[in-house]
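Novice: Encoded as structure tokens, here's the structure I'll be asking about.
The values are calculated or read from the model by the stated rules, or taken from the named source; none is laboratory data. Quantities reported herein were computed from a predicted structural model and do not represent experimental measurements. All Cβ positions, glycine included, derive from the backbone under ideal geometry; neighbour counts span all protein chains shown.
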Amino acid sequence: MENKDIYILAIESSCDETAAAVVKNGKEVLSNVISSQIELHTIYGGVVPEIASRKHIEKINQVIEQAMEEAGMRLEELDGIAVTYGPGLVGALLVGVSAAKALAFALNKPLIGVHHIEGHISANYIENGELKPPFLCLVVSGGHSHLVKVNDYGEYEIIGRTRDDAAGEAFDKVARAIGLGYPGGPKIDKISREGNPEAIHFPRAKVGESEYDFSFSGLKSSVLNYINSCQMKQEPVCQADIAASFQKAVIDVLTEHSLQAVREFKMSQFAIAGGVASNAHLRETLREGCKKLGVEFYHPSPVYCTDNAAMIGVAAYYEYCKGNFHGYDLNAVPNLKLGERI
């Protein structure tokens, strides 16, 4: 196997991006095509599952064809077909899984189901050739907030997770509340640069029995209460100050838990992943924190932070090397847990 290049076509359709990519040897991205539905869902203030599923059906064959064309390859030259099979929106996942199974069957190629969060973590391998397990990874996105100990390729230990809203979900809800609209993360990141992060003190929640778990629901409620209070008193509401103060509260908690875990588990490498990992202030805060501890800090480029198929192809490569393939009975598992194989 060492002498043979491995080419994997990967498909990702867990939420509102229809994506396909061709990845060589788990490192080299030959193509990475993403068809985004953001404009479609913006008018609703968030992703509408049924609309997302229908759009995936329209786009899936197009993005696969484009990915193969950009990679300069024929389907017959592939070594495996990879696909996200959970977690995510069940209808959206089914479109990708169905396409992957059809291709694997028609081409008689191995089928590799990939966990979405495992894909996000693996995105760090694309541009950071020196990064190898073990390391600690903070996964922060619209649906997930996980602190994960990566013991080996494909071997994960969750040491902290959100008890309610994910960090990205809180960003979206607060952005909507202060009139920024959807998607909230990039908009809050941008406007917060004009605000004072110390203007308003919002709470930093701790989960008593689990020091590494997160809770952002109370913070979101605190922001809403602050806005309501200002409106009742007919006081002006400063978007930038609220955004900056809210963002600082989220980042303070994420940073504190992450660096505490780095110290406790004596890790020399720390990485971030997921959509919120493209937040400039979060990256800078964690970079500074890691520097003080003498820990190497890694993060993917923004294009590999949001949902994409390249990260799925990278994760699939390590499963391919282990011979971990799925049968044609592979199904979408919307609540799939990290480390669980179904």
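Novice: Checking the condition touching a helix residue (DSSP H, G or I) at 6+ places or on another chain (Cβ under 9 Å), in contact (Cβ under 8 Å) with a residue 40 or more places away in the chain and more than 22 Å from Ile11 (Cα to Cα), which residue from Tyr328, Tyr317, Tyr298 passes? Walk me through how you get there before you give the answer.
Specialist: On the way: Tyr328 fails: more than 22 Å from Ile11 (Cα to Cα); Tyr317 fails: more than 22 Å from Ile11 (Cα to Cα).
Among Tyr328, Tyr317, Tyr298, only Tyr298 is touching a helix residue (DSSP H, G or I) at 6+ places or on another chain (Cβ under 9 Å), in contact (Cβ under 8 Å) with a residue 40 or more places away in the chain and more than 22 Å from Ile11 (Cα to Cα).
Novice: Being in a helix (DSSP H, G or I) and out of contact with any Pro (no Cβ under 7 Å at 6 or more places or on another chain) is true for just one of Leu282, Leu338. Which residue is that? Please lay out each step first, then the result.
Specialist: Details: Leu338 fails: in a helix (DSSP H, G or I).
Unique residue meeting the criteria: Leu282.
Novice: Moving on to the next point. Here is a check on your reading of the model: is Val207 farther than 28 Å from Pro87 by Cβ and outside any helix (DSSP H, G or I)?
Specialist: Criteria not met by Val207.
Novice: Okay, moving on. Of all residues in the range 292-301, how many are under 19 Å from His116 (Cβ atoms) and either in contact with a Leu (Cβ under 6 Å, 6 or more places away or on another chain) or surrounded by fewer than 14 Cβ atoms within 10 Å (Cβ to Cβ) (or both)? Reasoning before the result, please.
Specialist: Kept after step one, since they are under 19 Å from His116 (Cβ atoms), are these residues of the range 292-301: 299-301.
Imposing the further condition that a residue be either in contact with a Leu (Cβ under 6 Å, 6 or more places away or on another chain) or surrounded by fewer than 14 Cβ atoms within 10 Å (Cβ to Cβ) (or both) reduces the set to 301.
Final tally of qualifying residues: 1.
Novice: For Phe270, state whether it is of a type outside the set (D, E, K, R), part of a loop (DSSP other than H, G, I, E, B), at negative phi and surrounded by 14 or more Cβ atoms within 10 Å (Cβ to Cβ).
Specialist: Numbers: of a type outside the set (D, E, K, R): yes; part of a loop (DSSP other than H, G, I, E, B): no; at negative phi: yes; surrounded by 14 or more Cβ atoms within 10 Å (Cβ to Cβ): yes.
For Phe270, the condition - of a type outside the set (D, E, K, R), part of a loop (DSSP other than H, G, I, E, B), at negative phi and surrounded by 14 or more Cβ atoms within 10 Å (Cβ to Cβ) - is not met.
Novice: Quick one: which helices (runs of 4 or more DSSP H) lie wholly within the range 59-165 and hold at least 2 residues that are at pLDDT 95 or above and under 23 Å from Gln269 (Cβ atoms)? Break it down stepwise before answering.
Specialist: Numbers: elements: 90-107, 116-122, 124-127.
Counting at least 2 such residues, we get 116-122, 124-127.
Novice: Is the range 55-63 home to any residue that is without any contact (Cβ under 8 Å) to a residue 60 or more places away in the chain, farther than 22 Å from Leu330 by Cα and of a type in the set (Val, Ile, Thr)?
Specialist: no
Novice: What residue, among those in the range 230-264 that are among the basic types (Lys, Arg) and over 22 Å from Gly168 (Cα atoms), is surrounded by the fewest Cβ atoms within 10 Å (Cβ to Cβ)?
Specialist: The selected residue is Lys233.
Novice: Pick out the one residue from Gly289, Gly275, Gly195 that is surrounded by 21 or more Cβ atoms within 10 Å (Cβ to Cβ) and without any contact (Cβ under 8 Å) to a residue 60 or more places away in the chain. Before the answer, list the steps.
Specialist: Working: Gly289 fails: surrounded by 21 or more Cβ atoms within 10 Å (Cβ to Cβ); Gly275 fails: without any contact (Cβ under 8 Å) to a residue 60 or more places away in the chain.
The match here is Gly195.
Novice: Ok, one more. When Tyr85 is evaluated against the numbered criteria (1) aromatic (Phe, Trp, Tyr); (2) surrounded by fewer than 23 Cβ atoms within 10 Å (Cβ to Cβ); (3) assigned by TED's automatic domain parsing to the domain that holds Glu65, which criterion, by number, is the only one it fails?
Specialist: Of everything listed in (1) aromatic (Phe, Trp, Tyr); (2) surrounded by fewer than 23 Cβ atoms within 10 Å (Cβ to Cβ); (3) assigned by TED's automatic domain parsing to the domain that holds Glu65, Tyr85 misses just condition (2).
Novice: Okay, next question. Please specify each residue of the range 124-145 satisfying the condition of being under 15 Å from Val303 (Cα atoms) and more than 9 Å from the chain's Cα centre (by Cα).
Specialist: Listed by number, the residues that qualify are Asn124, Tyr125, Ile126, Glu127, Asn128.
Novice: Residue check, Ile227 against (1) touching a residue at least 40 places away in the same chain (Cβ under 8 Å); (2) surrounded by fewer than 19 Cβ atoms within 10 Å (Cβ to Cβ); (3) closer than 24 Å to Glu288 by Cα, all met but one. Which one?
Specialist: All conditions pass for Ile227, except number (3).
Novice: While we're here: Determine which member of the set Val33, Val29 is closer than 21 Å to Ser98 by Cβ and either in contact with a Lys or Arg (Cβ under 7 Å, 6 or more places away or on another chain) or not basic (Lys, Arg) (or both). Spell out the reasoning first.
Specialist: Numbers: Val29 fails: closer than 21 Å to Ser98 by Cβ.
Result: Val33 is the single residue among Val33, Val29 that is closer than 21 Å to Ser98 by Cβ and either in contact with a Lys or Arg (Cβ under 7 Å, 6 or more places away or on another chain) or not basic (Lys, Arg) (or both).
Novice: Taking the criterion of being touching an Asp or Glu at 6+ places or on another chain (Cβ under 8 Å), assigned to a strand (DSSP E or B) and within 17 Å of His116 (Cβ to Cβ), would at least one residue in the range 34-50 satisfy it?
Specialist: Checked against the condition, which is being touching an Asp or Glu at 6+ places or on another chain (Cβ under 8 Å), assigned to a strand (DSSP E or B) and within 17 Å of His116 (Cβ to Cβ), the range 34-50 yields at least one hit.
Novice: Is there a residue in the range 223-234 that is farther than 19 Å from Asp165 by Cα and in a loop (DSSP other than H, G, I, E, B)?
Specialist: Yes, because at least one residue in the range 223-234 is farther than 19 Å from Asp165 by Cα and in a loop (DSSP other than H, G, I, E, B).
Novice: Kindly evaluate Gly181 against the criterion of being assigned by TED's automatic domain parsing to the domain that holds Ser229, surrounded by fewer than 20 Cβ atoms within 10 Å (Cβ to Cβ), at positive phi and modelled with pLDDT under 90.
Specialist: Working: assigned by TED's automatic domain parsing to the domain that holds Ser229: yes; surrounded by fewer than 20 Cβ atoms within 10 Å (Cβ to Cβ): yes; at positive phi: yes; modelled with pLDDT under 90: yes.
In short, yes.
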